[in-house]
Every structure is written in C-alpha cells, then in structure tokens.
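The values are calculated or read from the model by the stated rules, or taken from the named source; none is laboratory data. Since we're looking at a predicted model, the values are computed, not measured. Methodologically, a virtual Cβ is constructed for each residue, glycine included, from the backbone with ideal geometry; neighbour enumeration extends over all protein chains shown. SASA here: full protein model, heavy atoms, side chains in, ligands and nucleic acids out. Shrake-Rupley method; radii C 1.70, N 1.55, O 1.52, S 1.80 Å.
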Amino acid sequence: MKFGLIGKNLSHSYSKHIHELMFLKNYQLLSINHVNEVFNHDLDGFNITNPFKTDILNHLDELDNFAKETNVVNTVIKRNHQLYGYNTDLDGFDYLVQFHHINFENKNVIIIGNGSTSNTIAHYLKNKKIKSLIKLVRTIRNDNEDKLAHQSQYSNTNIIINTTPVGMFPNNEDKLLINFHNFKKCELVIDLIYNPYRTQLLIEAEKFNIKTVNGLYMLIGQAKKTQELLLNKTIPNTIMDKIYHQAIDQYVNIVFIGLPLSGKTSYGKILSQETSKEWIDSDILIESYSKLSIKEIFKLYGEEKFRSLEKELFHLIYKKQGIIISCGGGVVLNSINIDLLKQNGMIIYINRDVSEIDINDDSRPLLNQKSDLIKLVKERSNLYQKHSDIELKINQKMPFSIERMNNKIHEYLNR
C-alpha cells in the first residue's frame, strides 16, 4: 500500500516515523510546489499539510462531515477510483486534549493564526462551552479576528493556542508573536508545533509558570485516525501512549546539568553505552574546539572567554535530536544556553549529595577545596532546580540508574 505525506517543506516532519511505528510501512514524504503535483504519484492515499489543506478540496470526489464543516482536508484516501477527503486533525486535537486533561469550559481562548489549522481548532472549540474566542493574526480575513498588535486588549485570556508555523524547525529562532506580560491570567499555552520539542513560545511561557503542551500527541492521534480510515479497522488508544514515549525517546535529548564532579559525564557515558545514542560532553567538546584544556582557558583568558565558547558550542548543537548532553556545571549561569538546550532537550538535574563529591581533580579551575564546592551549591542550586524538568537525587543509598531515570521521565510526561 502506497501512502505518504504531501507538503511543500517537510524537513520538520516526524510523520514517517510515527506511521511506521503504527502499521503503515514504507510511509513516504513527498515534497511538492503545487497541489496538482500530488497526482504525479500513484498513491492509495495521502496526508496533506500546509499550504495545501484547502487547495486539495477542488480535486476530491467526497468529503466527510468534518472536512465540509471546516473546509479543511488533511487526509485523502482512494477507493474505487474516487478520492475521499477527511479532516483527521480534529481527532488528533481531541486526543491531545484528552491526554493532557485540558478543560476549555468557561475559558477565554486565543488562537494565533487564521490558516486551515486554526479553522479546525476553532470548529473543535464550538462545543466546548468556552467563554470567548478570538484569533490574533497579522492580516485580518474574517470576523472574530484581530491584529497581533492589539494583543494587550485581551488580558483576560486563559488559554493560547498557536496554529502558525512560527518557531518550527528549521526556523527555531523566529521572533515571538506573543508577549506574556500582556496575559497575566494565562494558565495554558498549546503550540501545535512538535519540532522542536519546545518552541521559543513554550519556553517563554514556562518562565511565567504557565503550563505548556506541544503538538506531538495531536500528530500521533491524527495518524491513528488516518490509519483506521485507510485500513478499515479500529486501533486501540493505548498504542498512542506507547508511540508517544517512543517518539520522545527518538527525538528528545537527555541533558544533564548539576554541580562539577556530580557525575554528569559518567552518567552520560553509561546512558550512551546502553542506548547507542550519541553523547556530547560540553567541556570535552570545548577543549577539542579550542585546542586548550578548561583549566588553560580559565588561566589564559578567564571565565568570560570560557562562557563565550560554551555559548558558541550550544548554538552549534541545539538543533540535534535524540542525543545525550552532559553540561558543564556553570551552564545555568547563562539563560540563553538553557533556552537553547530546552528546545530539544529534557533537562535532568543530577543533584548529588555534596558530602559524597570528591574534589581531588585539578582539572576544575573553580574547585580547589571543599569550601569552593559549598560556595557553588549556594550560588547555583536554585538555578539547577529552576531550569530542570526532572531532579534526580544521587547518594549512596540512591545511586544513579537508567531505570530510575526512565521512571522519572515517565512520571514527568504523564503528569
């Protein structure tokens, strides 16, 4: 069976991996420049993404009710030489809402964008007893839309949903569309982008202690619905949770932070050996990059130069996915570094009992005696806790183990 994803730029897409984890093998990614080009491929059906979700409508023989109501199609299936169009994004978004236990009732909601996906989400919200809905856009096309420049007028907003590609790979550093100082009552931000794992929008929302959700579960949910339509069978919902965790493991980095000599390098090595994933130690990479030891960099050029090299390094690697990164102890001193690492990383704080850390290591320029370590604890422990997703306490009674770490990750993802 020949099936795949049709779109203009598919470099960001996880669809092939997601569908193949389910039941569709040899799922294809097919880039086109015009919707007519889809018919150059002899397919049994296809998913279709922006900017062709409405362009495809005139080429179809039948539409399901959701596709008719939203004027959006993202799944096409060929049956008896007829093309049937469906909007499985609605199902995908509903699965996302259920998985993350989201309640829209009596909420003031903003949708960012007025493209085809925003129409789907607005249609979904019609029956959710929301208090109000406005789309914030660059160019007004319809009623119930306002310009992004007027966002401060909507200070009572409780939930913000981004349906635009702003911040999507490879344009991770797109300028933010939203200023969260305008939204003191916001409690949830949903970004339907799933690559990177955390867009800058979500990272910024977290700084305001706002709950965040990305679009990965929606992708998996719509893939399930697509395959049910294509294969004419019911797929159990439990498969979505399994694939969600598999996708996190495949694409999201494990990033270790914590005090110098707390074990980040050792644990990174262990995890890399067990998983066969690429491992990067930031201090080792800086030494290779500069042709100097960390101690020599500090002695010759000072800490400021080291921090500059550290920042350069993270700019080089932050778009990599599915790797393990052991960071230097001072990575949390620069919030830009942390923001970069968070885009594709789950930040794990290795909180090792200070009394068990041996500082007999002359390669550490800031550690000459135990009191130096105690000083770093006072200066940095709050930063480690603030910037981490997961805290892993390590001592003689609770040594590091991959199993314990994975259990913590599972708890975090299902919170």
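Which percent of the accessible area of the range 320-395 is formed by carbon and sulfur heavy atoms (probe 1.4 angstrom)? Let's see the in-between values first.
Values: 1360 of 3220 Å².
So the carbon and sulfur contribution to the accessible surface is 42 percent.
Determine by what factor the alpha-carbon radius of gyration of the chain differs from 2.2 N^0.38 Å, reporting the quotient.
1.09
What's the magnitude of the charge dipole for the chain around its Cα centre, counting Lys and Arg as +1 and Asp and Glu as -1 at the beta-carbon? Answer in Debye, nearest 20. Show your work: numbers first, answer last.
Values: 51 positive and 47 negative charges, 129 e Å.
Here the chain has a charge dipole of around 620 debye.
Go through the range 82-98 residue by residue and turn each phi into a ³J(HN,Hα) via Karplus (6.51, -1.76, 1.60, θ = phi - 60°); whole Hz please, and just put x for glycine and proline.
Coupling constants for the range 82-98: 10, 9, 10, x, 9, 10, 7, 4, 4, 5, x, 5, 5, 5, 4, 4, 5 Hz.
Taking all protein chains in place and a 1.4 Å probe, what share, in percent, of the accessible surface of the range 195-297 do carbon and sulfur account for?
Details: 2030 of 4220 Å².
Here carbon and sulfur together make up 48 percent of the probe-accessible area.
Go through Leu176, Asn71, Ile56 and say which Cα lies farthest out towards the positive end of the charge dipole of the chain; charges sit on Cβ, +1 for Lys and Arg, -1 for Asp and Glu.
Farthest towards the positive end: Leu176.
To the nearest Å, what is the center-to-center distance of the range 70-105 and the range 267-335, using C-alpha atoms only?
Each part's Cα centre sits 42 Å from the other's.
I'd like to compare 369-379, 40-50: which one has the highest average count of other Cβ atoms within 10 Å, and what's the full order after that?
In descending order of packing, they fall as 40-50, 369-379.
Measure nothing but the geometry: give the 0 to 90° angle between the long axis through the Cα atoms of 264-275 and the longest principal axis through the Cα atoms of the chain, rounded to 10°.
40
Compute the helix-to-body angle for 216-231: its Cα long axis versus the longest principal axis of the chain, expressed 0 to 90° and rounded to tens.
Roughly 40 degrees, rounded to the nearest 10.
Tilt of helix 238-251 relative to the longest C-alpha principal axis of the chain, in degrees (0 to 90, nearest 10)?
The angle comes out near 50 degrees.
Per residue, how much accessible area does the range 1-54 show when a 1.4 Å probe rolls over the protein heavy atoms, in square angstrom? List each step's numbers first, then the result.
On the way: 2520 Å² over 54 residues.
In whole numbers, the range 1-54 has 47 Å² accessible per residue.
How high is the relative contact order of the range 241-313? Use alpha-carbon pairs under 8 Å, at least six apart in sequence, and give a whole percent.
Details: 27 pairs, mean separation 12.8, N = 73.
18 percent.
Over the Cα atoms of the range 1-89, what radius of gyration and what Dmax do you get, in Å?
In order Rg, Dmax, the Cα atoms of the range 1-89 give 12.2, 33 Å.
Dipole size in debye (nearest 20) for the range 234-294 around its Cα centre, Lys and Arg Cβ +1, Asp and Glu Cβ -1?
Details: 5 positive and 7 negative charges, 4 e Å.
It works out to roughly 20 debye.
Which order, highest average first, do 209-219, 149-159, 342-352 follow once you tally other Cβ atoms within 10 Å for each residue and take the mean per peptide? All intermediate terms of the calculation are to be shown ahead of the outcome.
Numbers: 209-219: 20.1, 149-159: 15.6, 342-352: 22.5.
Highest mean packing first, the order is 342-352, 209-219, 149-159.
Can you work out the accessible area per residue across the range 102-236, with the rest of the protein chains kept in place, probe 1.4 Å, in square angstrom?
Values: 5950 Å² over 135 residues.
Roughly 44 Å² per residue, with all protein chains present.
Taking the Cα centre of the range 286-404 as origin, work out the dipole magnitude from +1 charges on Lys and Arg Cβ and -1 charges on Asp and Glu Cβ, in debye rounded to 20. Each step should come with its number before you reach the end.
Values: 19 positive and 17 negative charges, 38 e Å.
Roughly 180 debye, rounded to the nearest 20.
Before anything else, pin down the relative contact order of the chain: Cα pairs under 8 Å, at least 6 apart, normalised by residue count, whole percent. Mind showing how you got there, number by number?
Numbers: 707 pairs, mean separation 47.4, N = 415.
The normalised contact order for the chain reaches 11 percent.
Under the rule a/c < 1.5 gives rounded, and otherwise a/b versus b/c splits prolate from oblate, where does the range 162-265 land using the Cα gyration tensor? Write out the running numbers ahead of the final one.
Working: a/c = 2.21, a/b = 1.32, b/c = 1.68.
Since a/c reaches 1.5 but b/c is at least a/b, the shape of the range 162-265 is classed as oblate.
I'd like the distance between the alpha-carbon centres of the range 364-415 and the range 118-149, rounded to an integer number of Å.
Using only Cα atoms to place each centre, the spacing works out to 43 Å.
Using packing as a proxy for protection, rank 334-341, 97-104 so that the peptide with the highest average count of other Cβ atoms within 10 Å comes first.
The packing order, highest mean first, is 334-341, 97-104.
Just need the relative contact order of the range 304-407 here, percent rounded to a whole number, with Cα pairs under 8 Å and 6+ apart.
Values: 71 pairs, mean separation 31.3, N = 104.
Here the relative contact order equals 30 percent.
Express the Stokes-Einstein translational diffusion coefficient of the range 78-215 in µm² s⁻¹, to the nearest whole number, given a Kirkwood radius over alpha-carbon pairs, 10 °C and a viscosity of 1.306 mPa s. Write down the numbers at each step before the final one.
Details: Rh = 15.6 Å.
After rounding, the answer is 102 µm²/s.
Name the trypsin sites (Lys or Arg not before Pro) in the range 51-127 that are in a loop by DSSP and that have at most 16 other C-beta atoms within 10 Å, would you?
Details: sites: Lys53, Lys68, Lys78, Arg79, Lys107, Lys126; in loops: Lys53, Lys107, Lys126.
Listed in order of number, the matching sites are Lys126.
As I understand it, the dipole of the range 230-305 uses +1 on the Cβ of Lys and Arg and -1 on the Cβ of Asp and Glu, about the Cα centre. Which of Thr275, Pro236, Asn253 lies farthest toward its positive end?
Pro236
Tell me the per residue accessible area of the range 258-408 using a 1.4 Å probe; a whole number in Å² is fine.
On the way: 7650 Å² over 151 residues.
Result: 51 Å² per residue.
Check which residues have an amide H placed less than 5 Å from Tyr349's amide H, if you skip close sequence neighbours.
Correct list: Ile257, Asp389, Ile390, Glu391, Leu392.
Out of the total accessible area of the range 96-156 (probe 1.4 Å, heavy atoms of protein only), what percent is carbon and sulfur? All intermediate terms of the calculation are to be shown ahead of the outcome.
Working: 1340 of 3290 Å².
Heavy-atom surface of the range 96-156 belonging to carbon and sulfur, 1.4 Å probe: 41 percent.
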